[in-house]
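Participant: One structure follows; several queries about it will come next.
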Amino acid sequence: MKLAFSLAAGLALLAATPAVAQEVPAAAPRPAPKLLVVISVDQLSADLFAEYRGQFSGGFARLLSGGVFPSGYQSHAATETCPGHSTILTGARPSRSGIVANDWTDLGAERADKTIYCAEDESIAGSSSSKYTVSDVHLKVPTLGEWMKAVNPATRVVSVAGKDRAAVMMGGHKVDELWWWDGKQLASYAGRAEPAPVTQMKAGIAARIAQAQEPMEMPPFCQARSRAIAVTPTMRIGDGRFARAAGDARAFRASPEFDESILALGAGLADAMKLGQGPQTDLLIVGASATDYIGHSLGTEGSEMCLQMFALDRSLGKLFASLDESGVDYAVALTADHGGNDMPERQRDHAAPDAQRVDRTFSAGAIGKEIAARMGRADPVLVGGTFGDVYIDRTLTKAQRAAVQAEAIQRFGAHPQVYGVYTAAQIQAAPAPKGPPETWSMLDRAKASYFPGRSGDLVVALRPRVTPIPVPGPGYVATHGSFWDYDRRVPILFWRKGMTGFEQPLSVETVDIAPTLAGLIGLKVPVVIDGRCLDLDAGPGTTCG
């Protein structure tokens, strides 16, 4: 009873006593970080990230202590490497940046090869889409690095990647160092001086490729994923450990060794150039490409991808440790250019009976050839593949074009593997997409990818889990590029020392990364973009005012 009485009396006393407001001094806003580090992991889908996030203990684990957006979107339909990388540091969707695909067709090009590679300059004599001069001319918008340089020309921008299109599309038109792997060695624009870290890494990679690679040790977590799957009667994958013969540069590229080297190059250039150690904020960009090469050649599941995820986690940790040693106040953003879809043979084994390869007799070329034959023409009247952009022969009359388009729509639409066909007129007439990207219609997704003069006369969407590789072979068993969320959804992670960690489950877009980083350094976005600034911290020091 005494206890009950004392509690009742105490509660009554508290109710009768007015609360006294405690004045909390406002925290001073944090100064801008001196170095922004932006990392793209090619083909790191949100699904793949979710599968392994509980196992990370290195660089990914650090990023998971910051701002986590597990449902980021490459919201457009053309979920390929070049468009995806172009969104990350421009804040612009392909419909604004002009980067609608890895390759598109220009039937009016003044060369025999009408295919245009996204990161080439086709005006250079003797070039082709497979033998090209790397260039930024097709990127129609500036990047974060260019915004930063416009405000402070002393800003240094460094972009290194496993692919030229990744380095170019994230670095933009004004870079201090731009390096990529060209299949044989590290390369840059002609006439550029080679800094010591690049020379050292070139020698290191050459020595590494010259030596055979022993099978990697299999962590217990990966053992459950180690199971050989028959892709063809003579090809089984899924239980590999990245053993490599001496001199096999192609196998090196599709292995954890590749990302380790590219990330180490980024760390070396940051150290040699003393990035973040001057009065201005600098920008270091790294494109890790091995996950994509592994995904294409070995699929997104199996022991191979498991080993890659663990190795990438360690390599990211090494990069961050190197930056820590410099004492620089740096902030990190990590995302991906697109997701990925596993090979159908393993998907069917994992309770996805509708997973299939595209009909080998089905393509724009085959349909166009049949239509042309009925018109008495020798050349196909359609140019394109099994999905995506399809172009109609420009030499046709208006009436002929209309007839070809109508028949093409009917033929594509009748195929059981096709979800939908959209005309250029439909796409152009559609309003710009709004709202959460997961709610966008297929037309909205096509709209976000459409750029007049580069996109097709028709855009074809395959049904879910239809892999547009009719016949698998070494190096190419699985892919991406669809309208579907397994290709659109990617993680977006932000980290800075002292940052309050949080997780935001609602969807955001990769076009939000550039304005968010601009807000973090107090930079006003100087151009019209598609993205928005994301709040990374609540209260004083919030990135978005």
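The values are calculated or read from the model by the stated rules, or taken from the named source; none is laboratory data. No experiment lies behind these values; they were computed from the predicted model shown. Positions of Cβ are generated from backbone atoms using ideal geometry, with glycine treated the same way; all protein chains shown enter the neighbour counts.
Participant: Any residue in the range 173-183 that is among the basic types (Lys, Arg) and out of contact with any strand residue (DSSP E or B) (no Cβ under 9 Å at 6 or more places or on another chain)? So that I can check it myself, show each step before the final result.
Facilitator: First pass over the range 173-183, keeping only residues among the basic types (Lys, Arg): 174.
Going one step further and asking which of them are out of contact with any strand residue (DSSP E or B) (no Cβ under 9 Å at 6 or more places or on another chain), we end up with none.
Scanning the range 173-183, I find no residue that is among the basic types (Lys, Arg) and out of contact with any strand residue (DSSP E or B) (no Cβ under 9 Å at 6 or more places or on another chain), so the answer is no.
Participant: Under 7 Å between Cβ atoms, which residue pairs at least 6 apart in sequence (or on different chains) link something in the range 316-338 that is surrounded by fewer than 22 Cβ atoms within 10 Å (Cβ to Cβ) with a partner that is modelled with pLDDT under 95?
Facilitator: Final answer for the pair search is none.
Residue-by-condition table, conditions (1) modelled with pLDDT of 95 or more; (2) out of contact with any strand residue (DSSP E or B) (no Cβ under 9 Å at 6 or more places or on another chain); (3) not aromatic (Phe, Trp, Tyr):
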position: Met273; (1), (2), (3): yes, no, yes
position: Leu284; (1), (2), (3): yes, no, yes
position: Gly295; (1), (2), (3): yes, no, yes
position: Gly302; (1), (2), (3): yes, no, yes
position: Arg314; (1), (2), (3): yes, yes, yes
position: Gly317; (1), (2), (3): yes, yes, yes
position: Ser322; (1), (2), (3): yes, yes, yes
position: Leu334; (1), (2), (3): yes, no, yes
position: Asp349; (1), (2), (3): no, no, yes
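Participant: For Ala251, which of the numbered conditions (1) touching a Phe, Trp or Tyr at 6+ places or on another chain (Cβ under 9 Å); (2) touching a residue at least 40 places away in the same chain (Cβ under 8 Å) fails to hold?
Facilitator: Every condition holds for Ala251 apart from (2).
Participant: Give just the number: which of (1) surrounded by fewer than 21 Cβ atoms within 10 Å (Cβ to Cβ); (2) in a loop (DSSP other than H, G, I, E, B); (3) under 23 Å from the mean Cα position of the chain (by Cα); (4) in contact (Cβ under 8 Å) with a residue 40 or more places away in the chain does Tyr486 not satisfy?
Facilitator: It fails just one condition, (2).
Participant: For the range 44-78, give me each residue that is among the hydroxyl-bearing types (Ser, Thr, Tyr) and within 25 Å of Phe310 (Cα to Cα).
Facilitator: Once the filter is applied, which keeps residues that are among the hydroxyl-bearing types (Ser, Thr, Tyr) and within 25 Å of Phe310 (Cα to Cα), the range 44-78 yields Ser45, Tyr52, Ser57, Ser65, Ser71, Tyr73.
Participant: Hey, another quick one. Does any residue of the range 469-476 turn out to be touching a residue at least 60 places away in the same chain (Cβ under 8 Å), outside the structural domain of Gly317 (by TED's automatic domain parsing), more than 30 Å from Gly238 (Cα to Cα) and touching a Phe, Trp or Tyr at 6+ places or on another chain (Cβ under 8 Å)? Show your work before the answer.
Facilitator: So in the range 469-476, the residues touching a residue at least 60 places away in the same chain (Cβ under 8 Å) come out as 469-476.
Those still in the list that are outside the structural domain of Gly317 (by TED's automatic domain parsing) too: 469-476.
Those left that are additionally more than 30 Å from Gly238 (Cα to Cα): none.
Scanning the range 469-476, I find no residue that is touching a residue at least 60 places away in the same chain (Cβ under 8 Å), outside the structural domain of Gly317 (by TED's automatic domain parsing), more than 30 Å from Gly238 (Cα to Cα) and touching a Phe, Trp or Tyr at 6+ places or on another chain (Cβ under 8 Å), so the answer is no.
Participant: Which one of Arg250, Arg227, Arg236 is in a loop (DSSP other than H, G, I, E, B) and at pLDDT 95 or above?
Facilitator: Sole residue among the options that is in a loop (DSSP other than H, G, I, E, B) and at pLDDT 95 or above: Arg227.
Results for (1) at pLDDT below 95; (2) touching a Phe, Trp or Tyr at 6+ places or on another chain (Cβ under 6 Å); (3) polar (S, T, N, Q); (4) over 30 Å from Phe502 (Cβ atoms), shown as yes or no for each residue.
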site	(1), (2), (3), (4)
Thr87	no, no, yes, no
Tyr117	no, yes, no, yes
Ser128	no, no, yes, yes
Ser135	no, no, yes, yes
Ala154	no, no, no, yes
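Participant: Further question: Based on this model, can you work out whether Ser71 counts as surrounded by fewer than 24 Cβ atoms within 10 Å (Cβ to Cβ), assigned by TED's automatic domain parsing to the domain that holds Gly145 and not in a loop (DSSP other than H, G, I, E, B)?
Facilitator: Yes.
Participant: Could you say whether any residue in the range 506-525 is hydroxyl-bearing (Ser, Thr, Tyr), in contact (Cβ under 8 Å) with a residue 40 or more places away in the chain and not in a helix (DSSP H, G or I)?
Facilitator: Just the residues of the range 506-525 that are hydroxyl-bearing (Ser, Thr, Tyr), to begin with: 507, 510, 516.
Subset that is in contact (Cβ under 8 Å) with a residue 40 or more places away in the chain: 507, 510, 516.
Narrowing further to those that are not in a helix (DSSP H, G or I): 507.
Checking the range 506-525: at least one residue is hydroxyl-bearing (Ser, Thr, Tyr), in contact (Cβ under 8 Å) with a residue 40 or more places away in the chain and not in a helix (DSSP H, G or I).
Every residue, every condition in (1) touching a Phe, Trp or Tyr at 6+ places or on another chain (Cβ under 6 Å); (2) in a helix (DSSP H, G or I); (3) more than 20 Å from Gly268 (Cβ to Cβ); (4) in the same structural domain as Ala251 (by TED's automatic domain parsing), yes or no:
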position	(1), (2), (3), (4)
Glu304	no, yes, yes, yes
Ser315	no, yes, no, yes
Phe320	no, yes, no, yes
Val328	no, no, no, yes
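Participant: If you check Gly238 against the conditions, is it surrounded by fewer than 14 Cβ atoms within 10 Å (Cβ to Cβ), at positive phi and in the same structural domain as Ala336 (by TED's automatic domain parsing)? Step through it out loud before you land on a result.
Facilitator: Numbers: surrounded by fewer than 14 Cβ atoms within 10 Å (Cβ to Cβ): no; at positive phi: yes; in the same structural domain as Ala336 (by TED's automatic domain parsing): yes.
Criteria not met by Gly238.
Participant: Here is a follow-up. If the Cβ limit is 7 Å and pairs must be 6+ apart or interchain, which residue in the range 442-456 that is touching a residue at least 60 places away in the same chain (Cβ under 8 Å) pairs with which residue that is part of a loop (DSSP other than H, G, I, E, B) and aromatic (Phe, Trp, Tyr)?
Facilitator: From residues that are touching a residue at least 60 places away in the same chain (Cβ under 8 Å), the pairs are Met442/Phe483; Arg445/Phe483.
Participant: Are any residues in the range 49-68 part of a helix (DSSP H, G or I) and touching an Asp or Glu at 6+ places or on another chain (Cβ under 9 Å), and if so, which ones?
Facilitator: Glu51, Tyr52, Gln55, Gly59, Phe60, Ala61
Participant: Surrounded by 16 or more Cβ atoms within 10 Å (Cβ to Cβ), assigned to a loop (DSSP other than H, G, I, E, B) and modelled with pLDDT under 95: is that true of Thr500 in this structure?
Facilitator: Details: surrounded by 16 or more Cβ atoms within 10 Å (Cβ to Cβ): no; assigned to a loop (DSSP other than H, G, I, E, B): yes; modelled with pLDDT under 95: yes.
No; evaluated as a whole, the condition is false for this residue.
Participant: Given the residues Gly299, Gly268, Gly287, which is the only one that is on the phi > 0 side of the Ramachandran plot and either more than 20 Å from the chain's Cα centre (by Cα) or in the same structural domain as Lys497 (by TED's automatic domain parsing) (or both)?
Facilitator: Result: Gly299 is the single residue among Gly299, Gly268, Gly287 that is on the phi > 0 side of the Ramachandran plot and either more than 20 Å from the chain's Cα centre (by Cα) or in the same structural domain as Lys497 (by TED's automatic domain parsing) (or both).
Participant: Filter the range 78-114 for residues that are under 13 Å from Gly388 (Cβ atoms) and among the β-branched types (Val, Ile, Thr); which is surrounded by the fewest Cβ atoms within 10 Å (Cβ to Cβ)?
Facilitator: Only one residue fits best here, namely Thr105.
Participant: Hey, among Val137, Val158, which residue is among the β-branched types (Val, Ile, Thr) and buried (at least 24 other Cβ atoms within 10 Å of the Cβ)? Before the answer, list the steps.
Facilitator: Values: Val137 fails: buried (at least 24 other Cβ atoms within 10 Å of the Cβ).
When all the criteria are applied, what remains is Val158.
Participant: Which members of the range 55-87 meet the condition of being in contact with a His (Cβ under 8 Å, 6 or more places away or on another chain) and charged (D, E, K, R)? Step through it out loud before you land on a result.
Facilitator: Of the residues in the range 55-87, the ones in contact with a His (Cβ under 8 Å, 6 or more places away or on another chain) are 74, 79-81, 83-84, 87.
If the condition is that a residue be in contact with a His (Cβ under 8 Å, 6 or more places away or on another chain) and charged (D, E, K, R), then Glu80 is the only one that fits.
Participant: Which of the following residues is touching a Gly at 6+ places or on another chain (Cβ under 8 Å) and at pLDDT 95 or above: Leu517, Leu462, Leu493, Leu523?
Facilitator: When all the criteria are applied, what remains is Leu493.
Participant: Out of all the residues in the range 39-59, which are surrounded by fewer than 24 Cβ atoms within 10 Å (Cβ to Cβ) and among the aromatic types (Phe, Trp, Tyr)?
Facilitator: Correct list: Tyr52, Phe56.
Participant: Shifting gears a bit: Just give me the residues in the range 364-389 being assigned to a loop (DSSP other than H, G, I, E, B) and at positive phi, in sequence order. Before you say what the answer is, go through the steps one by one.
Facilitator: In the first step, residues of the range 364-389 are kept if they are assigned to a loop (DSSP other than H, G, I, E, B); the result is 376-381, 385-387.
Listed by number, the list holds a single entry, Gly376.
Participant: Show me the helices (runs of 4 or more DSSP H) found entirely inside the range 75-193 where at least 2 residues are among the hydroxyl-bearing types (Ser, Thr, Tyr) and touching a helix residue (DSSP H, G or I) at 6+ places or on another chain (Cβ under 8 Å).
Facilitator: 81-88, 94-97
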